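The values are calculated or read from the model by the stated rules, or taken from the named source; none is laboratory data. Source: prediction; values computed, not measured. Note that each Cβ is placed from the backbone with ideal geometry, even for glycine, and that neighbours are counted across all protein chains shown. For the accessible areas, the whole protein counts, side chains as well, though only heavy atoms, and no ligand, DNA or RNA atoms are used. Shrake-Rupley method; radii C 1.70, N 1.55, O 1.52, S 1.80 Å.
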Amino acid sequence: MSEIPGWVKALKPSGPQGSELLEHERNKSNIDVDQLSTFLFTREGMERKKRILDILQKEKVFDKSQNYFAGRIDRFETALARAKRLSQLQDAHNWTQDDKMVANDLISEPGPYGLHEGMYLITLRDQGNAEQHEKFLKPAQAYRHIGCYAQTELGHGSNVRGLETTATWNPEDQTFTIHSPHLTASKWWIGSLGRTANHAVVMAQLIIGGKSMGPHPFVVQIRDLKTHQPLPNIYVGDIGPKFGYNTMDNGFLLFNHVKVPHISMLARFSSVDPKTNRYVRPASPSLVYGTLTWVRSTIVMQAGGVLARGVTIATRYAAVRRQFQDRDAPEWEQGENQVINYTTVQIRLLPLLATTFALHFTGKGMMALYAANQKKMSQSANSGDSKRGAGPEETHSGSDLLADLHATSCGLKSLASSTAVEGLEMCRRACGGHGYSSFSGIGPWYADYLPTATWEGDNYMLTQQVARYLLKSARTVLKGGEPTNDTTSILSYFLKRQDQGAAFDILGSDSDLVSAFAWRASFLTFEALRHRDEQKKAWNDLLVDFYRLSRAHAQYIVVKNFYETLQAPTSELSSETLAIMHKLFRLYALHTLESEASEFYTSAAVTVRQIQLARTNAVMNLLTEIRPHALRLVDAWDFPDWQLDSSLGRKDGKVYEDMFHRAAELNPLNRVTINPYPDSPILFQNNDSASLKSKL
Amino acid sequence: MPDFADKLKPASPDGPSILAKERSQSDVPVDELAQHLLSRSDFLKRQEKILPVVSKDPLFNKTKQMNLSRPERYQLGLARAKKLRLLADQHGWDTKDQEMSQYLCDDVSPFMVHVSMWINTVREQGDDEQRRYWLPKIEAWEAIGCYAQTELGHGSNVRGIELQSRWDPKTKEFVLHSPTLTASKWWNGSMGRTGNHAIVIAQLLVPKSNESKELVNHGPHPFIVQIRDLKTHEPLDGIIVGDIGPKYGYAPMDNGYMLFDNFRIPHSAMLARYSKVDPNTSKYSKPANTAVVYGSLTFVRATIIMHARLIMARAVTNAVRYTSIRRQFSDRDSSDRSAPELSVLDYTTVQIRILPLLATAFALHYTGEAMHNLYEGTRAEIEKGDFGRLAVLHAQSSGLKSLCTELAANSIETCRRAMGGHGFMASSGMVQLNNDYLSKPTVEGDNHMITQQTASYLLKRMAAAVAGKGKPVDEVERDCREWLSKEHNRKMPTPKVLESDEEIVDAFRRRSRDQTYRAYVERDIKKRSWNSLLIQLRKISIAESQSILVKNFYDGVQSSTLSSPARKHLSTLFRLFALYTMDAEARDFAKAGAVSNDDLDELPFKIQELMAQVRPHAVSLVDSWKIPDFLLDSALGRYDGRVYEDLFNRAHRLNPLNEITFNPYYKNEEIIMGSGGGDVEKLLAKL
Ligand SMILES: Cc1cc2nc3c(=O)[nH]c(=O)nc-3n(C[C@H](O)[C@H](O)[C@H](O)COP(=O)(O)OP(=O)(O)OC[C@H]3O[C@@H](n4cnc5c(N)ncnc54)[C@H](O)[C@@H]3O)c2cc1C
Ligand SMILES: Cc1cc2nc3c(=O)[nH]c(=O)nc-3n(C[C@H](O)[C@H](O)[C@H](O)COP(=O)(O)OP(=O)(O)OC[C@H]3O[C@@H](n4cnc5c(N)ncnc54)[C@H](O)[C@@H]3O)c2cc1C
């Protein structure tokens, strides 16, 4: 492409400049951005981010400008180069795991070491015994072993008990034979497996003396440590291009009667006694539930930030983008309206803005509960009270905090990740045509985030676990059991009051608003119980009700956490900021309430009149009141431009200049001149087109 | 490379036997339904004719294309588009045949705008001489064109575009000039690299008289401009033009940007069928009747809806076939521990996501048909300037475009997510489909914006009906009057939607009128500002559009001459679509007194019952859309059900990443195993 001529370089966007518009927006509000950021992330967290960002930005290999253009192979190759560099930097700067996570966040693409760091090391640590730590964990920590976590198969993902890979115990030579009997037994989706890993934790059905003991983890070497070629009778590769996540080599893996030694089976919780050939039972499965709960709480907290990226981009752009004059504007008023002033734009963006905070606080609340519970557990474990299992099915519900936490985390994971996924797409569409450009930064981010709705429990499937738990809790309450946790408390309250009804002042009182959510969740719980226990309806016929129930319960938890967070901090936030946060709370709660109006109405938590007032007055007023603070509120999320990688979401508002710069100067397609005429076989005049066909 | 994987089979039951069983349990007359759905313009016959030609040619092999970089995707798109044109010449394909070949190839072609907006605009807005001059060159693909309206700063608000076209009476030329960066054309398809001409929309500035310096702005007008040299294909002097970069989808399309620096074009460049500038007097004249564009816009929107139904059908075909084959968990209520696993389509949380969408594809069909029929039926009247019924349809078509493209766009993602992990594979066939189609909610009128047009029309008719002066101007006003005098005053019994299909239609109509009336009160009586009502206005447009979809579905099934099994299934689908839609908006129906509270409470159960009726026929119902495997390009939605074999084949044998062995150790600078280093430097050079 020829040089950009002077007359083009001289051009400016028309009308008020983006930077002026954003400055004006920021002047409308007196929210202390720094203070709010600190409240969200702590001073230490913000400084950490800054420190690491400085290092990354200096490294050419992390330059993002070609990410949106490259093909799959180049993207993977670059991602590997980045992952390596990042590990080198970690050594050089003595980064902690937390530091590295921040670095990954800033780079914002899944990397080929992702599952080694995220799952392989952790599984070895948590499920291996001392001997296994020595043999497997140490070389893994040194990155001589690079591993992955191979559970899902071509034929089974959700139903882990249905896995087909087998690990048969051979008493003669004290080995296991790992084998894939069918094509559907092929491991599939396994992150870092396709091209990167030389080891895997493989989940396989343990078979002893012809009897299946269910899925168990085995450490298996799959590639040669020198040549990186697959070992004999192992078939492994990358599964191909995906909706997103293309910088990751999700892989497949097949075994043809591969023998591994006794030490391969991770033995902290269960093992095969090599002398007696007997299976030794798991000690305490509750720890496994613990990790799952922790992982899901993390997803909830991250969902707030994930969504906030989209909201930041869309809000800033909507303040810069101007389209049409106001229809009712007086004659003399010149200039077009910022699209953020249109209520159909506000109703899409501002409730999402409120949601980002709601999810963030909820995730934080969950993690705190989890930590408190872990502490309690380790204390009671010491005192010998560790008999109780932890899964919702094994426990006496209502008496176990972990069970409550576990069920809650399932419902929240489902709600939070679905909300973030849908919210991001909503933000993208709210940006009109430019939202469709990769330079919006929303589309690629959305594509990489999407699988969160599927992994760690498919969002629809998970809701059955929540429902199962709520039904059990309801049964205990019906039997007259004393409330022992939040779930049983709200259910008992509902049961006592259901005949008097509730008169929640949802428009006047914030705590009543929370109670209305509790009421509706309780109502749906007892409805579901009636269907299941009295009307004896089939489980499968109730799945949709369960889904709604779980959603209602999770929304209650979010509203409650948001509310409680704002009750607590008096000194950390100025009163102006706190007032806006209260408005955001009400916007989240009332907007959710009116979108699910019929459930609130049917449960008699609110009246039709209240819903109508919520919709036409309260929500509309909140939009108007929050509108002037929108810019500063997204600023508080503190995303560096480098992380957003978005023309539309630039902090300085130079939207159009950046779009043009990327299109005209960074775009490799503009370096070729083409031949457009059908009868000419030439495609790119300065480029070889024959090579293309070989790629098909 | 033979290996032990070659001998492996999926665990049983395998896909083919599952689909065979599904197909044998259904009495859906697949071919009859296919004829019923796909006869317009011989769609099915054309598909049968073109498919073998295109699918045989290796250039159209789709399986690896998702690995390519953006420049490669464009290059491939260009190669394919050229090839399709050569094939058309060779086989004597007409325009509709060529559209079919395009549809099957499934690339957003770099020539897409050339064969649609470019040629159509010249045809419709060029005067006789312009048409005589341009059309042959366009048809021969010598003058390759695009349509440059949208700019960096303006899309929805066309009146706000900034590019100027100033009439210079001295030289009798127009001067095109971009005064700002935001005046840059942007998003214009086929322009970035492909086109050598463009229809450019610019503000027409004409001096008050030949002598005057004072310019009068006559608003946006279309000009034909040559933008690149016909030999070298380089941009002409005074023009900057290029591709705008990668997008969410549309990879083979070169949407472009363009700037002009006092670029001169002749008088003949202005498309002059309607408005013109007299070259001698510099007098501007404009058409008496601006409604002439109604016809073609309505036609375009009917086409969008007919396309939307095929998009939905395609998404649902993949989802229904795969979720029938996919098995996960055995029934919880079964006491038999060794019971086989259930097909995930048997789970009601999977059904509720997919089956109403299956019904919706049919719903869109009948409205698309109705719009086409009306357009064709009234063409003669339009030529005479009598817009009558078409004017109503035109007003309604904005809302329909918005609702139908929104439904179709969302359906793809809903289906994809219902397919679990494998839905995320490019080989699901859902990824490119989603990414390309997601442009539709924005293009041809942003969905959140254009609903205002329908709402505005409805408000006017309601206001006129309230005033009640003279004869109603159209059928909507007539109906508003009737509603005001009867239903509004609760003089009619509440429709019994669970008993009669006809009353379902009536309930939708009543709810729409009620919503309009409420908005009318807010706007006209309480004088609320337009902006404060936007959310409500959007709702009344949706209510009206849903009412139209329901009515056309009902009428379409009633008036058809289908066999009784076909009618039976269509009626079930009608109810599923209508009641599912009603349930989602239940409160509106209650408020309008259009459905009783008892009936509304009953809806979720009724919907589940209807889904249970559709479930055994789902595979056959999607079969009747006859989407060929070549178009689906999906391992999950294949007609023969060989899901796992195909997933594995594509991953294992058709995946270029697996041809490379990487070096994973971070202390080693090699990225590719055995390269001896220097890989990072090569990568850096590309960044
Ligand atoms: C990008 C990505 C990365 C991944 N990384 C890894 C990894 O590193 N390691 C690993 O082991 N796995 C990994 N996975 C796999 C992931 O964990 C599974 O895809 C996930 O658990 C969902 O399972 P599935 O694909 O079998 O979905 P399915 O269970 O097949 O779901 C299909 C549909 O059936 C429904 N359904 C299933 N069962 C029921 C039921 N009982 N009731 C009602 N509805 C039901 C679901 O809701 C869904 O709509 C990854 C997946 C992705 C997309
Ligand atoms: C893939 C693709 C291909 C395209 N091809 C072409 C082409 O070939 N030629 C061409 O000329 N153009 C083309 N376009 C441009 C397209 O027509 C515009 O993007 C479209 O009209 C939307 O306008 P916009 O981008 O200005 O959106 P904006 O109007 O900027 O929308 C931004 C937001 O503001 C809201 N908004 C705007 N105005 C109002 C209002 N009055 N009331 C309430 N809300 C409002 C919208 O709902 C949206 O949420 C293409 C676009 C895409 C994505």
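Across peptide A:426-436, the average count of Cβ atoms from other chains found within 10 Å of a residue's Cβ is 5.
Residue B:638 contributes an accessible area of around 60 Å² to the protein surface, as traced by a 1.4 Å probe with all chains present. Separation of segment B:652-687 and segment A:553-593, taken as the distance between their Cα centroids, equals 49 angstrom. Based on DSSP H segments of at least four residues, each scored -39500 (n - 2.57), chain A has a per-residue ellipticity at 222 nm of -15500 deg cm²/dmol.
Determine the shape class of chain A: with a ≥ b ≥ c the square roots of the Cα gyration tensor eigenvalues, call it rounded for a/c under 1.5, and otherwise prolate if a/b is greater than b/c, oblate otherwise. Oblate shape, in that a/c is at least 1.5 and b/c is the bigger or equal ratio. When only alpha carbons are used to place a centre, segment B:152-189 and segment A:176-228 end up 63 Å from one another.
Look at where the Cα atoms of segment A:641-673 and of segment B:536-612 average out, and the two centres are 46 Å apart.
For residue B:330, nonlocal amide neighbours, meaning residues 5 or more places apart or on other chains whose placed amide H falls under 5 Å from its own, are B:342. Taking 31 Å as the limit for the C-alpha separation, the pairs B:96/B:283; A:84/B:7; B:401/B:626; B:96/B:401; A:64/A:375 exceed it in the case of B:96/B:283; A:84/B:7; A:64/A:375. Candidate membrane-span-like segments in chain B, meaning DSSP H helices with Cα atoms spread over at least 27 Å of their own axis and a Kyte-Doolittle mean of 0.5 or above, are B:294-325, with no membrane implied. A Förster radius of 35 Å combined with the Cβ-Cβ distance from residue B:159 to residue B:466 puts the calculated FRET efficiency at roughly 0.70.
Using the Cα centre as the reference, give the magnitude of the dipole from point charges on the C-beta atoms of chain B (Lys, Arg: +1; Asp, Glu: -1; all else neutral), rounded to the nearest 20 debye. Working shown, then result.
Details: 91 positive and 86 negative charges, 271 e Å.
Charge dipole, chain B, about its Cα centre: 1300 debye, nearest 20.
Could you tell me whether chain B comes out rounded, prolate or oblate from its Cα gyration tensor? Rule is a ≥ b ≥ c as square roots of the eigenvalues, rounded for a/c under 1.5, then prolate if a/b exceeds b/c, otherwise oblate. Since a/c reaches 1.5 but b/c is at least a/b, the shape of chain B is classed as oblate. Shielding value for A:151-163 is 4, the average number of Cβ atoms from other chains within 10 Å of each residue's Cβ.
Run through the DSSP bridge list for chain B and note the antiparallel percent, rounded to the nearest 5. Write out the running numbers ahead of the final one.
Details: 35 of 40 bridges.
Roughly 90 percent of the beta bridges in chain B run antiparallel, per DSSP.
Inter-chain Cβ neighbour count for A:218-230, averaged per residue, equals 1 (cutoff 10 Å, partner chain atoms only). Applying 1/(1 + (r/R0)^6) with r as the Cβ-Cβ distance of residue A:74 and residue B:229 and R0 = 51 angstrom yields a FRET efficiency of 0.95. Residues whose amide H lies under 5 Å from that of residue A:259, counting only those 5 or more places away or on a different chain, are A:178; hydrogens are built 1.01 Å from N in the peptide plane.
Of the residues B:419, A:253, A:124, the one whose Cα sits farthest towards the positive end of the charge dipole of the protein assembly as shown is B:419 (charges of +1 on Lys and Arg Cβ, -1 on Asp and Glu Cβ, taken about the Cα centre). Based solely on its DSSP helices, what 222 nm [θ] is calculated for chain B when runs of n ≥ 4 H residues each add -39,500 (n - 2.57) and the sum is averaged over all residues, nearest 500 deg cm²/dmol? Value at 222 nm, helices only, nearest 500: -16000 deg cm²/dmol.
What Kirkwood radius, in Å to one decimal, follows from the Cα pairs of segment A:121-282?
Values: mean 1/r = 0.0632 Å⁻¹.
Radius from the Kirkwood sum: 15.8 Å.
Residues whose amide H falls under 5 Å from that of residue A:190, counting only those 5 or more places apart or on a different chain, are A:251, with hydrogens built in the peptide plane. Relative contact order for chain A: what is it in percent, counting Cα pairs under 8 Å that are at least 6 residues apart? About 15 percent, as a whole number.
Taking GluC sites (Glu not before Pro) in DSSP loop conformation with at most 14 other Cβ atoms inside 10 Å as exposed sites, chain A has its longest uninterrupted site-free stretch at A:395-571.
Counting Lys and Arg as +1 and Asp and Glu as -1, each charge on the Cβ, what is the dipole of the protein assembly as shown about the Cα centre in debye, to the nearest 20?
Values: 167 positive and 159 negative charges, 56 e Å.
Using Cβ point charges on Lys, Arg, Asp and Glu, the protein assembly as shown gives about 260 debye.
Taking 41 Å as R0, compute the FRET efficiency from the Cβ-Cβ separation of residue A:677 and residue B:381 and round it to 0.05.
Numbers: r = 42 Å, r/R0 = 1.02.
FRET efficiency, residue A:677 to residue B:381: 0.45.
The trypsin sites (Lys or Arg not before Pro) of segment A:474-516 that DSSP puts in a loop, and whose beta carbon has at most 13 other beta carbons within 10 Å, are A:479. Here the 3J(HN,Hα) profile of segment B:172-183, calculated from phi with Karplus coefficients 6.51, -1.76 and 1.60 at θ = phi - 60°, is 6, 10, 9, 10, 8, 8, 9, x, 9, 5, 5, 7 Hz, Gly and Pro shown as x.
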